[in-house]
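Notes follow once the structure below has been shown.
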Amino acid sequence: MDKKRHISIIGSTGSIGTQALEVIDKLRDKFEIIALAGGNNVELLKLQAEKFKPKYIYAAKPVSVSGVKTLESLDEIAENRENDIILVACSGKIGLKPTLKAIENGIDIALANKETLVMAGDIVMKKAKECGVKIIPVDSEHCAIHQCIKDISQVDKLIITASGGPFLHKTIDEIKNATVEQTLKHPRWNMGKKITVDSATLMNKGLEIIEAHHLFGFDYDDIEVVIHPQSIVHSAIEYKDGSVIAQLGLPSMHIPIQYAITYPDRFEGIKSRSFSFSEIARLDFEKPDFEKFPTVKLAYQAGKTGGTATVCLNAANEEAVFAFLAGKIKLYQIYEITKKIYDGHEAVKNPSVDEIFEVDEAVREKTRQYINKLI
């Protein structure tokens with residue numbers, strides 16, 4: 001990075017966005033922030049704007065900061081070719097259209113938004129290839145794989161690790177009676193509520209399998225999930241000659257965020273401490289229990305079906321998670337509801353972006369109606 005990299009963050013007030021700004025704060029001489037976009041947390045967005053002094057801000061609610069222009073849409077950020085890279089750190093389907101718009105304008109993407117690839121991976125990756133745009137994954141697992149790959153044509157298999165969440169060694173009965181508070185106590189990572197619930201059910205890993213398929217172009221049968229409770233090995237790849245290359249590090253999202261926004265360069269930035277094999281002492285691995293965590297199998301099924309099957313999976317699961325967080329259903333019902341809605345969905349092959357959003361909304365409404373009948 002011979003000159004400052006111009007960056008915008010969509011979702012600056014969320015978990016990934018705030019940590020990204022912590023990374024940038026340590027690398028002030030490397031970045032110039034073009035725009036910050038938040039959701040409803042206007043007060044935090046104001047504080048961020050006052051500290052980092054972007055040119056533009058955008059929020060879901062009316063917002064005003066002295067000396068900073070307020071934009072009317074996310075598209076205005078995505079179309080701004082002042083950007084060298086845009087970090088898409090928001091959660092939900094709202095990230096899809098700005099990502100596509102940025103790609104069309106030749107802007108590289110640091111992608112932390114799962115829905116973008118789960119809902120429209122074929123469209124997004126094809127567009128990125130056509131426009132010569134790099135999509136650098138921020139998720140620790142996909143970031144690890146990205147770091148391991150030297151020549152993708154020589155890679156035989158992707159190995160995605162999973163912590164197993166808070167219920168790894170709990171019985172099915174214990175999981176069924178888990179409270180929201182217990183579910184949100186992740187043993188390794190500090191994440192938003194929705195993704196933490198997904199980690200507890202392992203749906204998070206299912207969605208990551210779908211993302212990995214699109215990011216790296218691997219068949220689903222060549223993407224393996226391994227439980228690794230310590231969250232030190234973030235993922236690995238196996239080459240055709242049997243060599244396995246893994247990326248290790250302390251469980252901190254600062255590292256993959258920094259990798260994505262500074263790629264291909266590396267800087268000291270934020271380091272909690274140096275990695276020590278002797279202090280880690282041991283690394284454990286085991287196969288996922290698909291009886292206890294059936295969401296992973298459902299994700300494989302949706303991915304192989306393709307089309308709007310993954311749109312349905314994502315939308316139904318998200319609505320069920322929201323219902324759980326609101327105290328309307330039990331944790332185990334998230335899978336049951338998702339599968340019920342998924343089984344009734346007839347996938348549309350090769351959908352357009354408009355069709356994807358139509359299916360997403362229809363599935364959400366159907367899921368909400370089904371949940372209301374249960375409570």
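Restricting the calculation to alpha carbons of the chain gives Rg and Dmax of 20.1, 59 angstrom.
Phi angles of region 240-252 translate, via the Karplus equation with coefficients 6.51, -1.76, 1.60 and θ = phi - 60°, into HN-Hα couplings of 4, 8, x, 5, 10, 10, 10, 10, 10, x, 5, x, 9 Hz per residue; Gly and Pro are given as x. Note that region 77-83 has calculated 3J(HN,Hα) couplings of 6, 5, 8, 7, 7, 5, 6 Hz, one per residue in order, obtained from phi through the Karplus relation 6.51 cos²θ - 1.76 cosθ + 1.60 (θ = phi - 60°); glycine and proline are x. Computed over region 132-266, relative contact order equals 40 percent, with contacts defined as Cα pairs under 8 Å that lie 6+ residues apart. Among the GluC sites (Glu not before Pro) in region 295-375, those located in a DSSP loop and surrounded by at most 11 other Cβ atoms within 10 Å of their own Cβ are Glu346. With both labels modelled 7 Å from their Cα along Cα-to-Cβ, the Asp221 to Leu374 distance reads 3.4 nm.
Using 22 Å as the Cα-Cα cut-off, could you pick out the over-long pairs in Lys205/Lys240; Lys304/Lys349; Lys97/Lys373? Long pairs (Cα-Cα over 22 Å): Lys205/Lys240; Lys97/Lys373.
The distance linking region 261-309 with region 1-73 is 28 Å (Cα centroid to Cα centroid, whole angstrom).
Using just its DSSP H runs of length 4 or more, each adding -39500 (n - 2.57), the chain gives a mean residue ellipticity at 222 nm of -13500 deg cm²/dmol after division by all residues. Comparing Gly327, Thr310, Met125 along the charge dipole axis of the chain, the residue lying farthest to the positive side is Gly327, per the Cβ-charge model. Within the listed set Val124, Val244, Val197, the residue fluctuating most in the Gaussian network model of the chain (springs between alpha-carbon atoms under 10 angstrom) is Val244.
By DSSP, the beta bridges lying fully in region 5-137 are antiparallel in about 5 percent of cases. Potential lengthening of the chain between Lys330 and Thr70 amounts to 89.4 nm, from the contour at 0.36 nm per residue minus the alpha-carbon distance.
Relative to the compact-globule estimate of 2.2 N^0.38 Å, the Cα radius of gyration of region 5-137 comes out at 0.97.
Structural descriptor for region 5-137: relative contact order 23 percent, calculated from alpha carbon pairs under 8 angstrom and at least 6 residues apart.
The Cβ shell under 12 Å around Gln301 holds other residues with a net charge of +2, Lys and Arg each +1, Asp and Glu each -1.
Here the calculated FRET efficiency for Asp151 and Asp265, from their Cβ-Cβ distance with R0 = 25 Å, stands at 0.75, rounded to the nearest 0.05. For Phe31, the residues whose modelled amide H falls within less than 5 Å of its own, excluding neighbours fewer than 5 places apart on the same chain, are Arg5.
Along its first, second and third principal axes, ordered by size, region 226-318 spans 42, 32, 31 Å in Cα coordinates. If the chain linking Leu248 and Glu130 were pulled fully straight, counting 0.36 nm for each residue of separation and taking away their Cα-Cα distance, it would gain 39.2 nm. Taken over region 1-66, lysine pairs spaced eight or more positions apart, or on distinct chains, with alpha carbons under 14 Å apart number 6.
Note on Lys349/Lys297: beta-carbon distance plugged into 1/(1 + (r/R0)^6) with R0 of 30 Å gives a FRET efficiency of 0.85.
Quick note: the coordinates plus some simple rules give every number you see, no bench work behind them. No experiment lies behind these values; they were computed from the predicted model shown. Note that each Cβ is placed from the backbone with ideal geometry, even for glycine, and that neighbours are counted across all protein chains shown.
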